[in-house]
Amino acid sequence: LPRTDKEFFPLLVANSVFGGGYSARLSTEIRIKRGLSYGAVSGYGQRLGVAPIIASAQTKNATALQVAELMEAELVRLGTTDVPPDELTARTASLVGGFGRAVETVAGLSGQMSQLASFNLPLSMLQSYVSDVSSVSAAQVKDVARRIYDPKAASVVIAGDAGTFFADVKKKYPDAERIPADKLNL
């Protein structure tokens, strides 16, 4: 969603639940429960127009497809089940705490103000940030996730030694395309 969209805060909280830090779902499922990565995160750029939502993790070649499947499962869960109250409280507290740390310095405060100004948003949003985040409900998170975090609309990119995982990837994603490293135009 564009930064100016009325559903910005539900999307912000949804991202915090999905992959916005160590205690978010991606890290919990991929790192903590299974030890498949040192970290798994998600995020999106704040833009005037739409921005991509990116979830990423580093893992061994042998577990690349498993990690992609775990990410997809978490996308589905986010859009189909309510976030439990304790998890919602923890993730909104993380956002509020991060915001507090961001505005406690002159540089951080001016950065937040310039960001609001660049989107032509009122500076009063600095004062309402805590309530804007804290008032997001589990139903709002589920609704925005169902529409915006749709795994059927996602592009899956797996970089690594495709010889170890591409056959399985092709079974899961029949339209998968293998691009050799020497053919990438970066």
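The values are calculated or read from the model by the stated rules, or taken from the named source; none is laboratory data. None of the values given here were measured: they were computed from a predicted structure. Heads up, the Cβs are rebuilt from the backbone with ideal geometry, glycines too, and the neighbour counts pull from every protein chain shown. Side chains are part of the model used for accessible areas, which takes the heavy atoms of the whole protein and leaves out ligands, DNA and RNA. Shrake-Rupley method; radii C 1.70, N 1.55, O 1.52, S 1.80 Å.
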Subject >> Residues located in the stretch 18-53, provided they are part of a loop (DSSP other than H, G, I, E, B), of a type in the set (A, V, I, L, M, F, W, C) and either open to solvent by 40 Å² or more (accessible area, probe 1.4 Å) or at pLDDT below 90 (or both) >> reply: 48, 50, 51
Original post:
Right, residue 186: out of contact with any helix residue (DSSP H, G or I) (no Cβ under 7 Å at 6 or more places or on another chain), in a loop (DSSP other than H, G, I, E, B) and either aromatic (Phe, Trp, Tyr) or open to solvent by less than 70 Å² (accessible area, probe 1.4 Å) (or both) or not?
Top reply: no
Subject >> Subset of the stretch 135-181 that is of a type in the set (D, E, K, R) and at pLDDT below 90 - its residue that is surrounded by the most Cβ atoms within 10 Å (Cβ to Cβ) >> reply: 150
Subject >> Out of 70, 88, 65, sole residue that is under 19 Å from residue 144 (Cβ atoms) and either part of a helix (DSSP H, G or I) or in contact (Cβ under 8 Å) with a residue 60 or more places away in the chain (or both) >> reply: 88
Original post:
Does any residue in the stretch 101-121 that is in contact (Cβ under 8 Å) with a residue 40 or more places away in the chain and part of a loop (DSSP other than H, G, I, E, B) come within less than 7 Å, Cβ to Cβ, of a residue that is surrounded by 13 or more Cβ atoms within 10 Å (Cβ to Cβ) and not hydroxyl-bearing (Ser, Thr, Tyr) six or more places away or on a different chain, and which pairs are these?
Top reply: 119/3
